[in-house]
Amino acid sequence: MLPTGQHLTAAARHSVARYGNTRHWAVRDPAGELVCVAVYLRGAREAATRLDAAVTHVSSEGSRS
């Protein structure tokens with residue numbers, strides 16, 4: 001999770017790439033940790049988009065206090 005008051009930058013987004021030598025797709029956080037594995041690319045992209053939005057939402061709530 002990002003520290004309070006920091007926003008997600010283009011470089012600090014969840015990434016989607018092939019999961020090893022399989023037909024599956026890996027979603028990784030900005031630190032490179034595996035978050036989930038999806039069967040379809042569309043699902044992996046959706047998961048990454050929602051995770052980015054959740055991190056952005058949480059960090060913007062923290063900056064209001």
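Laboratory data are not the source of any read-out in this text; all were calculated from the coordinates shown. All values derive from a computational prediction rather than experimental measurement.
Extension gain, Leu34 to Ser15, is 5.9 nm, computed as 0.36 nm per intervening residue step minus the present C-alpha separation. Shape annotation for the stretch 15-62: C-alpha extents along the principal axes are 39, 20, 10 Å, from largest to smallest.
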